[in-house]
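Data first, discussion second: the structure below is written as structure tokens.
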Amino acid sequence: MLQLDFPNYSFRFKSNENKPLIFDEIRKKFVVLTPEEWVRQHVVQYLISEKNYPKSYINVEKQLLLNGTKKRYDVVVFNSDGSIQLIVECKAPSVRITQDAFDQIARYNLVTNATYLMVTNGLQHFYCQLDYEEERYQFLKKIPKFKT
């Protein structure tokens, strides 16, 4: 797989019916290793290893209901009170980050009301912080580390 703009992490791999699989330690199972999954697994490791987010606060590929339509987010990090700290939208490295990706995560955030948003294709990363009182957002150079 392609080298991404993340630190190097150790992953567990196997093959099933000639399909490469990668172990997802959040979902606790092997999943098909697509280019987007490669990015998603790097994001999860980045959040755990570099940003100190507890594994128990991270959710991967869960369904949400948006205007009566079922959607799936890539990665969500919860706060201890159950509110959402961060939502991440992952794209394959070959997918350019465009306004469509920001529109997609903004739609998801209508339901999640996250404090931070991250959009990445593994090569480019965009972070922003939302201020709901002022109805503004601010792009950041990085997302903060987990605070207890």
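The values are calculated or read from the model by the stated rules, or taken from the named source; none is laboratory data. This structure is a prediction, so every number in the text was calculated from the model and none was measured. With ideal geometry, Cβ positions are generated from the backbone for all residues, glycine too; neighbour counts draw on all protein chains shown.
For the reader, a short list of remarks on this structure follows.
- Number of the exception - Asn121 against (1) surrounded by fewer than 17 Cβ atoms within 10 Å (Cβ to Cβ); (2) under 19 Å from Gln45 (Cβ atoms): (1)
- Where Asn109 falls short, out of the listed (1) modelled with pLDDT under 95; (2) crowded, with 16+ Cβ neighbours inside 10 Å; (3) assigned to a loop (DSSP other than H, G, I, E, B); (4) not aromatic (Phe, Trp, Tyr): (3)
- Some residue of the stretch 122-136 being in a strand (DSSP E or B) and in contact (Cβ under 8 Å) with a residue 40 or more places away in the chain: yes
- Residue within the stretch 62-80 that is in contact with a Ser or Thr (Cβ under 8 Å, 6 or more places away or on another chain), buried (at least 19 other Cβ atoms within 10 Å of the Cβ), of a type in the set (A, V, I, L, M) and closer than 26 Å to Phe23 by Cα present: yes
- Candidates Arg27, Arg96: the one that is part of a loop (DSSP other than H, G, I, E, B), of a type in the set (Lys, Arg) and within 14 Å of the chain's Cα centre (by Cα) is Arg27.
- Qualifying residue in the stretch 89-109 (condition: of a type in the set (A, V, I, L, M) and under 24 Å from Lys145 (Cβ atoms)): yes
- Subset of the stretch 37-73 [charged (D, E, K, R), modelled with pLDDT under 95 and not in a strand (DSSP E or B)]: Glu61, Lys62
- Qualifying residue in the stretch 74-83 (condition: in contact (Cβ under 8 Å) with a residue 12 or more places away in the chain, more than 21 Å from Tyr127 (Cα to Cα) and in a loop (DSSP other than H, G, I, E, B)): yes
- Criterion (of a type in the set (S, T, N, Q) and under 12 Å from the mean Cα position of the chain (by Cα)) met by exactly one of Gln41, Gln129, Gln104: Gln41
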